Structures are given as C-alpha cells and as structure tokens.
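Structure first, commentary second.
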C-alpha cells in the first residue's frame with residue numbers, strides 16, 4: 001500500500017511539474033493530465049509485473065509511470081526531445097516503454113482497446129501466464145469498437161482487463177448527454193463479462209476488486225471490466241481548470257478535490273500507523289527531486305535530428 | 001513443370017508458412033467458410049485447427065486491432081478481408097494505428113502483420129461488393145501494398161510478405177483465382193521492391209497490374225500485329241512503386257500508358273505519370289491512363305462492360321498515342 005501511495009505521488013508531482021512547464025511555454029505539444037485520477041493506475045499496476053502488457057490513451061502519464069516506465073524518457077518525450085521514449089516523434093500522446101511492456105498509447109479514443117485484446121490472444125496461445133490491461137476513459141465507451149472488443153474477449157476467453165476510468169467527460173460533454181445509460185457496467189452486462197464498478201478515488205476498494213480480476217485472468221484466461229468512477233481536476237487538455245467555460249461547476253471540482261485518492265490513502269495508512277507526516281513529507285521531497293531531475297534531463301536534451309525524420313516508419 | 005491456379009498458389013503458400021512457423025495465426029471473417037475465399041483456404045482448418053484459424057464475428061474494426069495486438073506481442077497474424085469493401089470499417093485501425101503506431105512510438109513497435117484483401121469485381125455485385133482500394137491505401141504512409149498478377153508471384157510475394165517486419169497489404173483479385181502458371185514446389189520469395197518487365201519493346205511503355213495484366217498482354221499481342229511493340233511492365237508493388245524500372249523504360253520508348261483497376265483521381269496511374277513528368281522525361285505524345293471512371297461500380301452487366309477496362313479499350317487508347325484508330 002505504501003508503494004501505491006508513492007506511485008500516486010509520483011504521478012501527481014510529475015503532472016504538476018508538467019503543468020507548470022506548459023504554463024511557462026516550455027512544453028508545447030497537447031498534454032492531457034490525469035490529476036485526481038492517480039489511484040486507478042497506481043493500484044492496478046501493483047498487481048502487474050514487467051511481463052504484463054499495458055495499453056493506454058492520450059491521458060497516459062499515470063499508466064506509464066505506474067507500470068514502471070522510465071521517468072526521464074517520458075518527460076523528454078513530452079518535451080519532444082531526441083531522448084524521449086518515442087525519440088520525439090510522438091509527444092505526450094504517444095509513449096512507450098517496452099522494457100516494462102508498457103506497449104504504447106493512442107490519441108484516437110478507444111484505439112488501443114482491441115490491441116490489448118490481441119496481446120491477450122498471444123498470451124493465451126503462448127500460455128505465458130501474463131495479463132493484458134487496457135486503460136481508457138468513459139469517452140471510449142461511446143465507440144462501437146469498445147463493444148466489439150468486449151465481445152471478442154469473452155468469446156475467445158482472453159486474459160484482458162478493461163479498465164474504464166470514468167471521469168464523466170468526453171472532453172466537455174458529460175455521460176448523461178452521451179449515453180442512454182450512464183453506467184458502463186450495466187451497459188456491458190449483456191456480454192456476460194465479469195465486471196464491477198468501484199470508487200476510483202478509493203485505492204483500497206480498487207485493490208480488492210482489481211486483485212481478484214487479475215488473478216482470474218492469470219488463472220483462467222478470463223476477461224473482466226473494471227469501471228472506476230473518478231474525476232479529472234483539470235481541463236481536458238492543458239493546465240486550466242475549465243471552471244469558466246460552462247460544462248462544470250466549481251462545487252463539483254471542489255467536491256472531487258476533497259475526495260483526493262492520495263489524501264484518502266495517506267489518512268488510511270496514517271491511521272494504521274504505516275506512515276507518519278514526516279515520512280510522507282520525505283517521500284514527497286524525494287519524488288520532487290527525481291521529477292525535477294527529469295525536467296532538467298528533458299530541458300537539456302537535444303531536439304531530434306532532422307536526419308531521423310524518415311526513421312522508424 | 002507443375003502448374004498451379006492462382007488460388008492454389010496462395011493456398012500452398014499458406015500451408016508452407018503455417019507449417020514453418022507455429023506463431024502464424026489467421027484472423028478474419030469467413031476464412032473457414034466455403035462461401036468467401038474461394039479455394040485459397042482449402043485444408044488449412046483440418047491441418048491447423050480453430051486455434052490458429054479464427055473465423056471471427058463481423059467486427060472488422062476490432063479484429064484488425066486484435067491482429068495488431070497479436071503482431072506486436074509475438075504472433076504472426078494473417079488478417080483476411082474477404083471483400084476489400086469491408087475494410088472501410090477498419091479504417092481507423094489501419095490508417096490511424098497500423099500505419100502510424102511504429103513511427104509515433106519512435107520505431108519501437110513494428111507491426112509484422114499481413115493483411116489479405118480480396119477484390120471481387122464484376123458479377124453484377126454493385127458498388128459495395130466490388131471495390132479495389134489500393135489507390136486509397138497507397139496514400140497512407142507506413143503500408144506496403146502488393147498486388148500479384150499470376151500464381152508464381154502470388155506464392156512468392158505472399159511468402160515474402162510474411163518475412164517483412166512491417167505491415168503488408170496483399171491484394172488479390174478473385175477474378176485471377178482460376179488462372180494458372182508454373183509454380184515451383186519449394187519455398188521461394190519474390191523481391192518486394194521490383195516491378196517486372198514481362199515483355200520488352202521499343203514503341204511504348206505499358207504499366208499494368210493484377211487482373212488487368214492479362215488484358216494488357218492480350219492487347220499487346222494485337223498491337224504487335226499492327227506493328228507496335230509494347231514494353232509491358234507488371235507493377236506488382238503498389239507501394240513503394242519501383243519507379244526506376246518504369247522510368248528506364250519510358251526513357252527508351254518516350255511513350256507511356258498506365259492501366260489500373262482503381263479510380264482515376266489521385267490513383268496509381270496519376271502517380272506514375274506525375275513521376276514521369278517530375279523526372280523531366282520528354283514524351284513524344286501525351287501520357288494515357290486507363291482506369292475506372294470516378295463512379296461507384298454499377299450492378300447491370302451491360303453497365304459493368306462499360307465501367308471496367310478491357311482489352312479493346314487498352315488497344316484503342318494505345319493506338320491513339322500513335323495517332324491511329326482501330
């Protein structure tokens with residue numbers, strides 16, 4: 001549990017520094033921050049090893065870092081530098097670290113969901129006891145390919161976990177204006193897939209359910225869907241809060257900021273005497289140092305060489 | 001020497017490949033059905049079983065993504081579209097993912113995937129069962145597109161495509177399935193970089209491919225009788241086009257006619273003719289392209305006759321280039 005807290009902090013501090021550097025104008029590519037949603041990836045990846053596959057989206061920093069992807073190379077990619085994990089060809093939305101089987105992300109909503117299903121097909125055929133995890137938002141469940149992918153996973157009994165981070169918004173439009181039934185879990189019940197809705201800001205609750213789902217996938221090659229109800233504190237892209245553009249209220253944002261997953265787990269662990277305030281502050285300081293170093297690494301790295309424009313197609 | 005039909009050559013290549021490599025699996029709609037893919041899949045299901053031959057739901061989009069996921073994690077999938085028209089449902093996975101994934105990820109995720117796309121021209125099938133989309137895919141970076149015209153190439157190019165590290169779209173026209181030629185029994189590959197000069201001649205360069213190559217050959221025989229010696233090039237590779245072979249021929253003949261089974265605008269024929277212009281090769285007469293008109297395919301066989309290029313049209317158009325009439 002301490003490790004989950006540490007990972008959440010890493011994601012939080014990383015993204016806060018990214019936000020600062022967008023403000024400064026150092027980061028120019030489109031960046032989708034997941035501040036407020038860290039509990040989901042940090043908790044789920046606790047059950048994954050370096051061989052397990054993770055596929056992600058445009059809002060991927062949390063998934064990448066939780067899976068153990070290289071910190072410096074992620075920051076450098078957001079800076080579009082040669083040392084970035086995608087050599088500056090992808091930017092924030094296209095990141096990969098195959099050394100930990102973080103298999104890549106797509107900027108097309110729902111794009112990697114069927115790809116995660118395909119990785120699970122390989123696992124089953126090679127009988128390697130891995131699992132494949134697809135992270136996506138509720139916007140992805142607006143797409144037909146999501147339902148097709150769920151169907152394939154059940155039909156072929158594949159070890160894939162679909163993790164829906166339901167933050168209520170597809171850019172600006174809430175679930176109630178996009179879906180006849182806002183519950184993803186209810187909508188997919190007809191596919192006979194094991195599924196559950198949890199409080200995505202409660203790492204303890206996620207921990208119990210995710211552990212069981214991943215175990216099922218490893219042992220029985222069975223797919224599951226985990227819907228995590230959560231909220232993003234910041235705007236769809238960039239560092240703003242979007243309080244003045246008409247799609248959400250200040251009270252909603254404040255409500256969810258009070259439901260901070262980091263605060264929740266810290267209080268839980270403190271009550272259990274697993275951590276005290278000094279240790280927590282020390283943890284933050286150490287992470288802040290690592291992330292500051294990553295910013296320096298990115299800032300000081302070279303831009304990609306134009307001679308490499310046509311490499312890697 | 002043993003002769004094989006085009007469909008049998010593809011079938012033989014698949015048997016060979018699947019025996020050699022247990023990571024080859026097949027994914028696609030109707031691949032285990034007698035209705036869809038002609039004789040190309042005969043015996044595969046009995047030999048390799050449903051674990052390796054996955055006859056899927058109609059979900060073209062998701063099965064394409066599934067094939068990508070399998071390909072980047074160690075399997076060697078063959079993804080089949082029994083009608084090329086159905087690929088439109090997969091356009092996001094093909095054009096946003098297969099084509100960009102590796103590049104956007106810094107070359108860290110090549111996708112070794114073979115896509116079989118089958119064109120089913122004619123037969124009064126109408127607009128949505130007969131399309132040839134090679135010109136469309138040619139526009140998208142990151143895809144190798146091949147289009148064999150005969151059994152020998154079909155086998156050798158299929159096996160070569162399976163040795164590529166990156167995605168290849170193998171386009172076969174079902175009208176070719178019954179045509180046969182000599183095909184070696186052993187394993188061999190055909191170079192996926194080279195077009196092929198199938199007939200040497202000094203008077204005009206004719207570039208053709210796939211099912212239209214045999215129509216071009218028929219035209220060539222007639223033209224020869226009229227004293228015109230055609231240099232016929234089988235394009236074979238739609239992307240990357242082997243411009244070197246074409247340009248070398250045009251430098252010699254100073255005339256070019258391109259015969260293509262796709263639509264006219266922004267297609268294969270336009271691309272080739274534009275390269276001839278860019279390279280500054282002086283032509284003695286304007287270039288000619290023979291393509292489909294910019295229209296959906298009609299159903300009526302009478303209209304089909306006017307819609308699809310045929311031998312007579314190739315002859316007539318070629319003669320125009322010599323300021324002659326039939």
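The values are calculated or read from the model by the stated rules, or taken from the named source; none is laboratory data. The shown structure was predicted, so the numbers you read here are calculated from the model rather than taken from an experiment. Heads up, the Cβs are rebuilt from the backbone with ideal geometry, glycines too, and the neighbour counts pull from every protein chain shown.
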- Considering A:273, A:279, which residue is farther than 16 Å from residue A:42 by Cβ, assigned to a helix (DSSP H, G or I) and more than 25 Å from the chain's Cα centre (by Cα)? A:279
- Query: Of the residues in region A:84-128, how many are facing chain B (nearest Cβ under 7 Å), closer than 13 Å to residue A:52 by Cβ, touching a residue at least 40 places away in the same chain (Cβ under 8 Å) and in a helix (DSSP H, G or I)?
  - Reply: 2
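Condition check: assigned to a helix (DSSP H, G or I), closer than 21 Å to residue B:84 by Cα, out of contact with any strand residue (DSSP E or B) (no Cβ under 7 Å at 6 or more places or on another chain) and assigned by TED's automatic domain parsing to the domain that holds residue B:207. Does residue B:304 satisfy that?
Values: assigned to a helix (DSSP H, G or I): yes; closer than 21 Å to residue B:84 by Cα: yes; out of contact with any strand residue (DSSP E or B) (no Cβ under 7 Å at 6 or more places or on another chain): yes; assigned by TED's automatic domain parsing to the domain that holds residue B:207: yes.
Judged against the criteria, residue B:304 is a match.
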- Across region B:192-216, what is the number of residues that are closer than 8 Å to residue B:149 by Cβ and in a loop (DSSP other than H, G, I, E, B)? 2
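Inspect all residues belonging to region B:38-51 and state whether any of them is crowded, with 23+ Cβ neighbours inside 10 Å and within 13 Å of chain A (Cβ to nearest Cβ).
Of the residues in region B:38-51, the ones crowded, with 23+ Cβ neighbours inside 10 Å are B:40-41.
Cutting the leftovers down to within 13 Å of chain A (Cβ to nearest Cβ) gives us none.
No, the conditions are met nowhere in region B:38-51.
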- Message: Checking the structure you have, find out if any residue of region A:288-302 is within 14 Å of another protein chain (Cβ to nearest Cβ) and buried (at least 16 other Cβ atoms within 10 Å of the Cβ).
- Response: yes
- Note on the structure: Exception for residue A:171 within (1) within 19 Å of the chain's Cα centre (by Cα); (2) surrounded by 15 or more Cβ atoms within 10 Å (Cβ to Cβ) falls at (2)
- Note on the structure: Inside region B:243-268, the number of residues satisfying the requirement of being under 14 Å from the mean Cα position of the chain (by Cα) and not in a strand (DSSP E or B) is 2
- If you go through region B:58-67 one residue at a time, do you hit one that is out of contact with any strand residue (DSSP E or B) (no Cβ under 9 Å at 6 or more places or on another chain), assigned by TED's automatic domain parsing to the domain that holds residue B:166, touching a residue at least 12 places away in the same chain (Cβ under 8 Å) and more than 22 Å from residue B:98 (Cα to Cα)? no
- Item | Count of region B:68-98 residues which are within 27 Å of residue A:309 (Cα to Cα), without any contact (Cβ under 8 Å) to a residue 40 or more places away in the chain and within 19 Å of the chain's Cα centre (by Cα) | 1
- Qualifying residue in region B:25-36 (condition: facing chain A (nearest Cβ under 10 Å) and either part of a helix (DSSP H, G or I) or under 23 Å from residue B:164 (Cβ atoms) (or both)): yes
- Could you please give the count of residues in region B:99-129 that are touching a residue at least 60 places away in the same chain (Cβ under 8 Å) and either in contact with a strand residue (DSSP E or B) (Cβ under 8 Å, 6 or more places away or on another chain) or not assigned by TED's automatic domain parsing to the domain that holds residue B:40 (or both)? 4
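Could you please let me know if residue B:135 is modelled with pLDDT under 95 and in the same structural domain as residue B:77 (by TED's automatic domain parsing)? Working first, answer last.
Details: modelled with pLDDT under 95: no; in the same structural domain as residue B:77 (by TED's automatic domain parsing): yes.
So residue B:135 fails the test.
Which members of region A:134-153 meet the condition of being within 11 Å of chain B (Cβ to nearest Cβ), in contact (Cβ under 8 Å) with a residue 12 or more places away in the chain and assigned to a helix (DSSP H, G or I)? Step through it out loud before you land on a result.
Here is the first cut: in region A:134-153, the residues within 11 Å of chain B (Cβ to nearest Cβ) are A:134, A:143-153.
Restricting the remaining residues to those that are in contact (Cβ under 8 Å) with a residue 12 or more places away in the chain gives A:134, A:143, A:145-153.
Within region A:134-153, A:145, A:146, A:147, A:148, A:149, A:150, A:151, A:152, A:153 meet the criteria.
Listed here are the residues, each with its yes/no results for (1) surrounded by 16 or more Cβ atoms within 10 Å (Cβ to Cβ); (2) more than 25 Å from residue B:285 (Cα to Cα); (3) out of contact with any helix residue (DSSP H, G or I) (no Cβ under 6 Å at 6 or more places or on another chain).
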position: B:188; (1), (2), (3): no, yes, no
position: B:191; (1), (2), (3): no, yes, yes
position: B:195; (1), (2), (3): yes, no, no
position: B:205; (1), (2), (3): yes, no, no
position: B:209; (1), (2), (3): yes, no, yes
position: B:221; (1), (2), (3): no, no, yes
position: B:226; (1), (2), (3): no, no, yes
position: B:232; (1), (2), (3): yes, no, no
- Task: Could you tell me which numbered condition residue A:201 fails, if it satisfies all but one of (1) surrounded by 17 or more Cβ atoms within 10 Å (Cβ to Cβ); (2) within 14 Å of chain B (Cβ to nearest Cβ); (3) in contact (Cβ under 8 Å) with a residue 60 or more places away in the chain; (4) in a loop (DSSP other than H, G, I, E, B)?
- Result: (2)
- Item | Unique residue being at pLDDT 95 or above and in contact with a strand residue (DSSP E or B) (Cβ under 6 Å, 6 or more places away or on another chain) when the list is B:269, B:312, B:299 | B:269
- Starting from residues that are crowded, with 24+ Cβ neighbours inside 10 Å and over 26 Å from residue B:125 (Cβ atoms), keep the ones in region B:74-94 and report whichever is nearest to the other protein chains (Cβ to nearest Cβ). B:75
- Message: Could you check region A:169-188 and list, in sequence order, the residues that are touching a helix residue (DSSP H, G or I) at 6+ places or on another chain (Cβ under 8 Å) and within 22 Å of residue A:244 (Cα to Cα)?
- Response: A:169, A:170, A:171, A:175, A:178
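Being surrounded by 17 or more Cβ atoms within 10 Å (Cβ to Cβ) and either over 19 Å from the mean Cα position of the chain (by Cα) or not in a helix (DSSP H, G or I) (or both) is true for just one of A:246, A:312, A:238. Which residue is that? Lay out the reasoning, then the answer.
Working: A:246 fails: surrounded by 17 or more Cβ atoms within 10 Å (Cβ to Cβ); A:238 fails: surrounded by 17 or more Cβ atoms within 10 Å (Cβ to Cβ).
Going through A:246, A:312, A:238 in turn, the sole match is A:312.
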